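Structure record follows, encoded as structure tokens.
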Amino acid sequence: MIDSILKWTIQRRLTSIEHFSQNPHEVQAQLLQELLLKARPTEWGQRYGFADAPSAREFAQRLPVSSYEELYPAIERVLRGEPDVLWPGTVQWFAKSSGTTNARSKYIPVTRESLQEGHYRAGRDMTALATALYPENRVLAGKTLSLGGTHAPNPFRPEQESSRVGDVSAVIMQNLPAWAEFLRTPPLELALLDEWEEKIDRIARHVLSVNVAALAGVPTWMIVMLRRVTELAGADNITEVWPNLSLFLHGAVAFGPYRELFRQLIPGPQMRYLEIYNASEGYIALQDQPNSEDLLLLLNHGIYYEFIPLEELDAEHPQTLTLEQVELGKSYALVLSTNAGLWRYKIGDTVRFTSLAPYRIRITGRTKHFLNAFGEEVVIENADAAIAAACRATGTTVRDYTAAPIYFDASNTSRGGTSG
């Protein structure tokens, strides 16, 4: 019965992927109207006239583009339990991530809709695609070993146990439906441990006897786990422990530097690797082709997209483009409006379109890791490629690097350069 349900779900998701891939503009336009309709009674909806069902152009004219710092006063009210601010109802879960200019962490609202229509729907899509791409691997015949963080009481409402903050991976695992929990390992009491060394050791001991067919998580974390399992088993490599292991769904960091290491840890031609772009703000894209690192942009998963050309990034009121207006080969800063109440929110990532039919992207860097002092528009992807080419040409290895513009004095104003 479970096998029949899984096959039905896979076919349904493949049909849905085909639909939004072939009808991207219609799907995004409909999604925007659904978001506005749902959020009409909220404070944000009343302030910006969501009841008028504004068009995409009117929506962009009415609402400002917001950074986390600019949106934070409203998010803090949501953290404190105030209902109907950005999204209907009271939000209980928040993904905690790092990296803002005025705070050590960001708190991103995670609503029931963003879990069900975003993270979980995209998870089913990734499972469907992996099964369709590699039917011989029988990924669903075993368990998926997923590694994540932990969660803790909401520091703004510590007395309310039902309100929690944590890594988005922990939020997702804690709220998984029972059928999905059946397909993964380890159990939650181990997966959500907060002491890292104890967590790795206890999980490794538990999964020694589990039929693991797939891995899901951050490459750096997974390397530590695979090494510990191999050590405990007294094996030469992980395939001696898990002969049916054949897929790794990875994200959060660039996989290139770790690819060779994984080939050593998991030798054999059966192993496949697929990348996902799953942020605290939502599940944005996934790899749908086996021999390409391009990621398919997910268009019916609770996120309406806009894009800021890099030359507009520092403007007080930056021009944004809709999906119909983007061009191949150009990098854009991502702007999201989501079913968690993030309205025209600058996520901080930059992407480059590699295909417009369907829409596929590559992550090129972060908006705060971007040089445009002299019109050079250098993003992390450019710097990484240049460093790699220099290393190949000179037979050297670079462990780390930094880059910044050099501004010359008045007597040398015609000159400019970048320091590395």
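The values are calculated or read from the model by the stated rules, or taken from the named source; none is laboratory data. What you are looking at is a predicted structure, and each value in this text was computed from that prediction instead of being measured. We place every Cβ from the backbone using ideal geometry, glycine too, and count neighbours over all the protein chains shown. The accessibility values were calculated without ligands, DNA or RNA, using every heavy atom of the protein model including side chains. Shrake-Rupley method; radii C 1.70, N 1.55, O 1.52, S 1.80 Å.
Conditions tested, residue by residue: (1) under 19 Å from SER163 (Cβ atoms); (2) under 26 Å from the mean Cα position of the chain (by Cα); (3) open to solvent by 60 Å² or more (accessible area, probe 1.4 Å).
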site	(1), (2), (3)
ALA51	no, no, yes
PRO54	no, no, no
PHE59	no, yes, no
ARG62	no, no, yes
GLU76	yes, yes, no
TRP87	yes, yes, no
GLN92	yes, yes, no
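For the stretch 315-353, a residue qualifies if it is open to solvent by 40 Å² or more (accessible area, probe 1.4 Å), touching a residue at least 24 places away in the same chain (Cβ under 8 Å) and within 20 Å of VAL27 (Cα to Cα), and the qualifying residues are GLU324, GLU327.
Kindly indicate the residue of the stretch 290-314 that is at pLDDT below 95 and either of a type in the set (A, V, I, L, M, F, W, C) or within 21 Å of the chain's Cα centre (by Cα) (or both) and also surrounded by the fewest Cβ atoms within 10 Å (Cβ to Cβ) among those meeting that condition. Even if it seems obvious, please write down each step before you answer.
Pass one, the stretch 290-314, residues at pLDDT below 95: 290-293, 310-314.
Applying the additional criterion that residues be either of a type in the set (A, V, I, L, M, F, W, C) or within 21 Å of the chain's Cα centre (by Cα) (or both) yields 290-293, 310, 313.
Numbers: PRO290: 12, ASN291: 4, SER292: 12, GLU293: 16, LEU310: 18, LEU313: 17.
Checking each candidate, the answer is ASN291.
Scanning the stretch 331-364 for residues that are of a type outside the set (A, V, I, L, M, F, W, C) and more than 24 Å from HIS19 (Cα to Cα) gives SER331, TYR332, GLY341, ARG344, TYR345, LYS346, GLY348, ASP349, THR350, THR364.
The listed residues are ALA216, ALA170, ALA178, and the only one of them that is exposed (fewer than 14 other Cβ atoms within 10 Å of the Cβ) and either polar (S, T, N, Q) or under 22 Å from SER114 (Cα atoms) (or both) turns out to be ALA178. Of the residues making up the stretch 156-173, those that are touching a residue at least 60 places away in the same chain (Cβ under 8 Å) and either farther than 24 Å from HIS206 by Cβ or of a type outside the set (Val, Ile, Thr) (or both) are PHE156, ARG157, GLN160, SER162, SER163, ARG164, VAL165, GLY166, ASP167.
Scan the stretch 138-160 and tell me whether some residue there is closer than 25 Å to GLU82 by Cβ, crowded, with 22+ Cβ neighbours inside 10 Å and out of contact with any Pro (no Cβ under 9 Å at 6 or more places or on another chain). Within the stretch 138-160, one or more residues are closer than 25 Å to GLU82 by Cβ, crowded, with 22+ Cβ neighbours inside 10 Å and out of contact with any Pro (no Cβ under 9 Å at 6 or more places or on another chain). Mind checking which residues of the stretch 280-289 are buried (at least 23 other Cβ atoms within 10 Å of the Cβ) and on the phi < 0 side of the Ramachandran plot? Selection gives GLU281, TYR283, ILE284, ALA285, LEU286, GLN287. Restricting the stretch 253-277 to residues that are open to solvent by less than 50 Å² (accessible area, probe 1.4 Å) and touching a residue at least 40 places away in the same chain (Cβ under 8 Å), the residue that is nearest to THR338 (Cα to Cα) is TYR277.
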